[in-house]
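The values are calculated or read from the model by the stated rules, or taken from the named source; none is laboratory data. Computed from a predicted structure; not experimentally measured. Positions of Cβ are generated from backbone atoms using ideal geometry, with glycine treated the same way; all protein chains shown enter the neighbour counts.
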């Protein structure tokens, strides 16, 4: 017979990535957690995890169990809340790619609260790769991230396509221009967005045109990059959705790369896409505008 604590141990290992952190989360010793997982595996007739050093991955049996375990644990929690007289709605866990502007995330969250101010929400920030892993392992329900990049492992819903443009301070010679040739930037100091999805394309684009700039700043924080541009530390190339009062956004002539922002779900989450919680409905609304 499967007992609830065994499912809780199983979910903790999935969510925390290894047995040691999972045991800490469950407030038990690691051997106790390992014994509980072993009992669950015997009850189900197969291994649930592949153990490799300090990391674990789900087996096919573990992947099949995951959705059921989350649903069972969710029903347990909901029943406890109802009996305690404090029933709450379901929790939606959405991943958000780091290269999405904070203003966009705030607008989506504001719209979601307008739909249902009591809706329960957890936002998880990460890189594209991190969010793919979180969705695959069931740590989040969906992700607002890059889509259309050739993967068929997930359900994808494109919401907005955007290009890239330069970000320059208002006193820069290019600030008043609609379009700027790369060759005119040969003397400019630049800022590197280290997490940029088109970083290699950008580097190649400038190199092919003889532009080999000095880099004064490297960052994975786009809001900070915009602040450094505004005070004249350097210029950079960013998605067109970024804006700041002290930064101009002329187009880089000939650079036609685009990215598509959308929602990404596990293939087992058709119901979430078909009957969207407030945060998903809000993302669709805001990014469609």
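Below are the figures for this structure:
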{"quantity": "Helices (runs of 4 or more DSSP H) wholly inside the stretch 220-289 containing at least 3 residues that are closer than 26 Å to residue 157 by Cβ and out of contact with any strand residue (DSSP E or B) (no Cβ under 6 Å at 6 or more places or on another chain)", "calculated": "270-274, 278-288"}
{"quantity": "Checklist (1) surrounded by fewer than 15 Cβ atoms within 10 Å (Cβ to Cβ); (2) within 21 Å of residue 130 (Cα to Cα); (3) modelled with pLDDT of 90 or more applied to residue 51, failing item", "calculated": "(3)"}
{"quantity": "All helices (runs of 4 or more DSSP H) inside the stretch 1-118 with 1 or more residues being under 27 Å from residue 270 (Cα atoms)", "calculated": "4-16, 30-44, 60-83, 102-115"}
{"quantity": "Which listed residue is at pLDDT 95 or above and more than 29 Å from residue 113 (Cα to Cα), from 284, 251", "calculated": "251"}
{"quantity": "Residue list for the stretch 155-183, filter: outside any strand (DSSP E or B) and either in contact with a strand residue (DSSP E or B) (Cβ under 8 Å, 6 or more places away or on another chain) or surrounded by 14 or more Cβ atoms within 10 Å (Cβ to Cβ) (or both)", "calculated": "170, 172, 174, 175, 176, 177, 178, 182"}
{"quantity": "Test result for residue 208, touching a residue at least 12 places away in the same chain (Cβ under 8 Å) and surrounded by fewer than 18 Cβ atoms within 10 Å (Cβ to Cβ)", "calculated": "no"}
